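Here's the structure, in C-alpha cells; my notes come after.
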C-alpha cells in the first residue's frame, strides 16, 4: 500500500529516496564505550499486538519491525494486571506503575456519585464538565494519578519537549500525561486536541491529507503470498469475514479507522512533528509517544487469523520502516521502544471451527444485569441492585448498608456456581491481598486482580471469566473479538528496544511493561524511584544500562 508514502509526501519534507529505502539494515558494530544519552526517545504502542501475534509474524517482517528485531527483544512482556484493556495498559507503559497505582482500572467504570443516568465514567474524560455524557465527553488527563516519563523529563529539565499522538484519545493521554507540548488523537472525523490549543501546520496538513484520502475510494490491497493460507471465509453473526483486503467506498471514515491507513496517518503526523519541532535537536532529550490503534480496531472487527490481520501486520511493518527512514534523515540520535497495551485471541467462531476447546461467548445470565435482577427478585429489593457487566460489578448505593451486604453475599454465591466464571472476589478480599513480587506468569488470579484494583474506583465485586470465554455476548459489526481477561493471551505483549549502535540480543524470560519507563529513563541518566517497575539492562556485555 502506498498510503504512508503519499501521506509523507504531503505532511513532511523527506527526500523521495527515503520513502522507499529499506530499514532492515544491520546495526553498527558495538561501540567500545557506552552509548551517550539519546537525544530523542520514540515510544510506540501497537494496540492489541499480542505476544502470540508478534511471534506469528516476526519471521515475515522485512522493514521497520525487522529493524527493531536487531535490537533488544523481550518477546514475553506482560501487562500483568487482570484488566487487560486499552486505557489501563497504556497507563503502565510510560509511568512505571501498574493500574492499581495509576488509578486507571478499566476503560470505563461506575461512579454512582456522578450526575448522569448511566453513572459510567470514561478513563480519559472530565465528567465534571457541564452537559458531559458518557458518549459526549471532554477528553482529560484528570484520572491518571501518577506522572509519566515525559512529565518527569520536563520536571528535570524544562527544555525537554514531550509530544503524544495516537489513533485513540486514551492512548495519547495515558502515554503523554499531564504536561505535554503537543497532544493529538483521531476523534472519528479528524485529529483533535484539548480545547484552545493552536493547530500546528503539520497537524493541519495531516488533517487535509487524511480527509482527501477518505474522500476517495480505496482499492483492495494486494495480498502477500504468506497471507493466502488465511484467505478463508467465515460467517460471524451474518457477516462474512476472513477475506477482507481493506477496500472502502469514498467517504467511509469508519473504514479508514479500521485499516492500515490509520496507522500510516498517525506515523506521518508524528514524523512531521519531529521535523517541524526539531525534536532531538535541542539541549535536552525530547520524547514522542506514538499510539497505533488500527491493529485493535481490525482485531475487534475481523479477528486475528484472517487476511485482514495478515495485511495489517505487513503494512504496519512497512509504515514503521518509512517512519524510521524519516527520523534517520534528521540526523538525530534517537532510541525506539515498541510494545502493546494488551493482547487478544481470535474470534470465538473461528476458534470453534478449528476445534479449539472451551471457546464460548459469555451467556446473558452471567452478566450483572441478569444476576442483579434475580437477586432483587429473590430478596424483594427494587432498583438495579447490581451495576456493571462482567469484570467490575458494583452494588447499588441506594440500598441500605444491610441490604448492600446481603446483595454482595448473594452475588458471590451465584457467581461461584456459574460454569463460565473462574473466580469472583470482593473488594475486601482484593484489598487484603499482598501485592505480588514473583514473576507475572506465576501470579494467582487474585494477585492479577489486585494489580488492577483501586479502592476508590474498582467494583464491590470483580468477576473473572474462565479461559476462552469471551465477554462478547453476541458478535456484531465491528465487534467479533475482544480482550480484557486475566489470561496470558491477553496479558502477554512484546517489548522491543532499538538504537543505532546498540548490540542486539533476545531475553526470553518474562518482564513487564512497567519496566519500560525506568529503562528509558536510565538511558538518559535519570532515575525513576518508587515505581513498580525495574530498569532492564539493554547492554548484553559487561556494561549496565541501569548503572
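Throughout, read-outs are computed from the coordinates displayed, never taken from laboratory work. Because the structure is a prediction, the values reported are computed rather than measured. With ideal geometry, Cβ positions are generated from the backbone for all residues, glycine too; neighbour counts draw on all protein chains shown.
Helical runs assigned H by DSSP (4 residues or longer) give the chain a calculated mean residue ellipticity at 222 nm of -9500 deg cm²/dmol, each run adding -39500 (n - 2.57) before division by the residue total.
Rg and Dmax of the chain, both derived from C-alpha coordinates alone, stand at 23.0, 76 Å. What's the percent breakdown of Cα-Cα distances in segment 322-392 across 5 Å bins, shortest bin first? Calculated over all Cα pairs of segment 322-392, the distribution is 3, 12, 12, 9, 9, 9, 8, 9, 8, 7, 5, 4, 3, 2, 0 percent. Taking the number of Cβ atoms within 10 Å of each Cβ as an exposure proxy, the fewest-first ranking of 485, 193 is 193, 485. Does anyone have the angle between helix 401-417 and the longest principal axis of the chain? Alpha-carbon axes, 0 to 90°, nearest 10? Between helix and principal axis, roughly 70 degrees.
Residue order for 174, 526, fewest other beta carbons within 10 angstrom first, comes to 526, 174.
Against the chain, whose longest principal axis comes from its Cα atoms, helix 307-330 is set at around 40 degrees. When the convex hull of its Cα atoms is viewed from all sides, segment 190-316 shows a mean projected area of 9.8 nm².
Take segment 159-240, drop everything but the C-alpha atoms, weight them equally and run the Debye formula without solvent; then report log10 I(q)/I(0) at 0.13, 0.23, 0.26 Å⁻¹ to two decimals. Debye intensities relative to I(0), on a log10 scale: -0.65, -1.06, -1.23.
Any idea what the alpha-carbon Rg over 2.2 N^0.38 Å comes to for segment 33-88?
Taking N as the residue count of segment 33-88, the ratio is 1.39.
By the Cα gyration tensor, segment 85-138 has an equivalent ellipsoid whose semi-axes, rounded to whole angstrom, run 23, 11, 9 from largest to smallest.
Based on the Cβ-Cβ distance of residue 111 and residue 380, what FRET efficiency does E = 1/(1 + (r/R0)^6) give at R0 = 25 Å, to the nearest 0.05?
0.35
To the nearest µm²/s, what D does Stokes-Einstein give for segment 230-296 at 4 °C and 1.567 mPa s, using the Kirkwood radius over alpha carbon pairs as Rh? Answer from the Stokes-Einstein relation: 87 µm²/s.
The Stokes-Einstein estimate for segment 408-543, based on a Kirkwood radius over Cα pairs and taken at 20 °C with 1.002 mPa s viscosity, is a diffusion coefficient of 119 µm²/s.
The C-alpha atoms of the chain define a longest principal axis, and helix 260-277 lies at about 60 degrees to it. Stokes-Einstein diffusion for segment 28-175, with the hydrodynamic radius set to the Kirkwood value over Cα pairs and evaluated at 10 °C in a medium of 1.306 mPa s, equals 89 µm²/s. For the Cα trace of segment 297-447, dividing Rg by the Kirkwood Rh returns an Rg/Rh value of 1.13. Suppose each label sits 7 Å from its Cα in the direction of the beta carbon; what would the residue 130-residue 228 distance come out to in nanometres? Reported label-point gap for residue 130 and residue 228 is 6.4 nm. Counted over the chain, the DSSP beta bridges are approximately 55% antiparallel. Any idea what % of Cα-Cα pairs in segment 354-422 are farther than 15 Å? Counting every Cα pair in segment 354-422, those more than 15 Å apart make up 51 percent. Peptides 83-96, 231-244, 141-154, ordered by how many other C-beta atoms sit within 10 Å of their residues on average, highest first, read 83-96, 141-154, 231-244. Is the shape of segment 120-162 rounded, prolate or oblate, going by the alpha carbon gyration tensor and its root eigenvalues a ≥ b ≥ c, with a/c under 1.5 for rounded and a/b larger than b/c for prolate? Judged from the Cα gyration tensor, segment 120-162 comes out prolate (a/c at least 1.5, a/b above b/c).
Remark: relative contact order (the chain) = 28 percent; criterion is Cα-Cα distance under 8 angstrom and separation of 6 or more residues.
Based only on other Cβ atoms within 10 Å, what is the fewest-to-most ordering of 164, 128?
128, 164
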